[in-house]
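*Asks:* Take a look at this one; I'll ask things after.
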């Protein structure tokens, strides 16, 4: 790996590792989000505190950090790599940072919002359609994990169908696999019919 691509990866990881859900709930005096519901620091679990505003802010900021990582990755790629290589590397690193933040002993979120931010910045059309799928499934079934899993599964196929390059498709596929891995407990509850619906208090 060329040294020039390491910089976007490092920047992307540390940007993604900023635990907005944890920080916002602590600053607001709410319960430690890691000790309720799924223990995730993402917006869905923040919503289980009953603080809708905090959940919305967490969702927005987690998306923004994914998008900003992509934009910075384009700038930091260096002459040895295409801008999109830096963007995709930084975006993937941001998702990993969100899932495994060094500040919280690598116990983070599930990467859905951050991954969505990456898609919107790197592949706007793919991001827009993926977001529409997430919203449609969420409105029908009212289960956040189900909508996240369906949208994540669709994203690599959409990237391929919409003519994104092989590198972009591979990156989206890796993000989707990571999202599924982080949702392993949710998948078990979905199969058992015990997964809570959106907005359920912890």
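The values are calculated or read from the model by the stated rules, or taken from the named source; none is laboratory data. Note that the coordinates shown come from a computational prediction; the quantities given were computed from them, not determined experimentally. With ideal geometry, Cβ positions are generated from the backbone for all residues, glycine too; neighbour counts draw on all protein chains shown.
*Asks:* Please count how many residues of region 9-46 are part of a loop (DSSP other than H, G, I, E, B) and surrounded by fewer than 16 Cβ atoms within 10 Å (Cβ to Cβ).
*Replies:* So the answer is 6.
*Asks:* For region 186-200, check the following and say yes or no: at least one residue is buried (at least 16 other Cβ atoms within 10 Å of the Cβ) and closer than 19 Å to residue 98 by Cβ.
*Replies:* Within region 186-200, one or more residues are buried (at least 16 other Cβ atoms within 10 Å of the Cβ) and closer than 19 Å to residue 98 by Cβ.
*Asks:* When the residues of region 150-167 are filtered to those that are modelled with pLDDT under 95 and assigned to a helix (DSSP H, G or I), which remaining residue is surrounded by the most Cβ atoms within 10 Å (Cβ to Cβ)?
*Replies:* Only one residue fits best here, namely 167.
*Asks:* Quick check: is even one residue across region 95-106 within 13 Å of the chain's Cα centre (by Cα), under 20 Å from residue 13 (Cα atoms) and not in a helix (DSSP H, G or I)?
*Replies:* Yes, some residue in region 95-106 is within 13 Å of the chain's Cα centre (by Cα), under 20 Å from residue 13 (Cα atoms) and not in a helix (DSSP H, G or I).
*Asks:* Please verify whether region 93-105 includes one or more residues that are surrounded by fewer than 20 Cβ atoms within 10 Å (Cβ to Cβ) and touching a helix residue (DSSP H, G or I) at 6+ places or on another chain (Cβ under 7 Å).
*Replies:* Yes: region 93-105 contains one or more residues that are surrounded by fewer than 20 Cβ atoms within 10 Å (Cβ to Cβ) and touching a helix residue (DSSP H, G or I) at 6+ places or on another chain (Cβ under 7 Å).
*Asks:* Can you list residue pairs whose Cβ atoms sit under 7 Å apart, with the first residue in region 153-177 being on the phi < 0 side of the Ramachandran plot and the second being at pLDDT 95 or above and surrounded by fewer than 20 Cβ atoms within 10 Å (Cβ to Cβ)? Count only pairs 6 or more apart in sequence or on different chains.
*Replies:* The qualifying pairs are 154/133; 156/173; 158/129; 162/125; 169/160; 176/153.
*Asks:* For region 47-59, name all the residues that are surrounded by fewer than 23 Cβ atoms within 10 Å (Cβ to Cβ), part of a helix (DSSP H, G or I) and touching a residue at least 24 places away in the same chain (Cβ under 8 Å).
*Replies:* Selection gives 54, 57, 59.
*Asks:* Sticking with this one: Mind counting the residues in region 66-87 that are crowded, with 24+ Cβ neighbours inside 10 Å and either under 14 Å from residue 14 (Cα atoms) or modelled with pLDDT of 95 or more (or both)?
*Replies:* Of all residues in region 66-87, those crowded, with 24+ Cβ neighbours inside 10 Å come to 66, 69-70, 73, 86-87.
Now restrict to residues that are either under 14 Å from residue 14 (Cα atoms) or modelled with pLDDT of 95 or more (or both): 66, 69-70, 73.
The number of residues fulfilling the criteria is 4.
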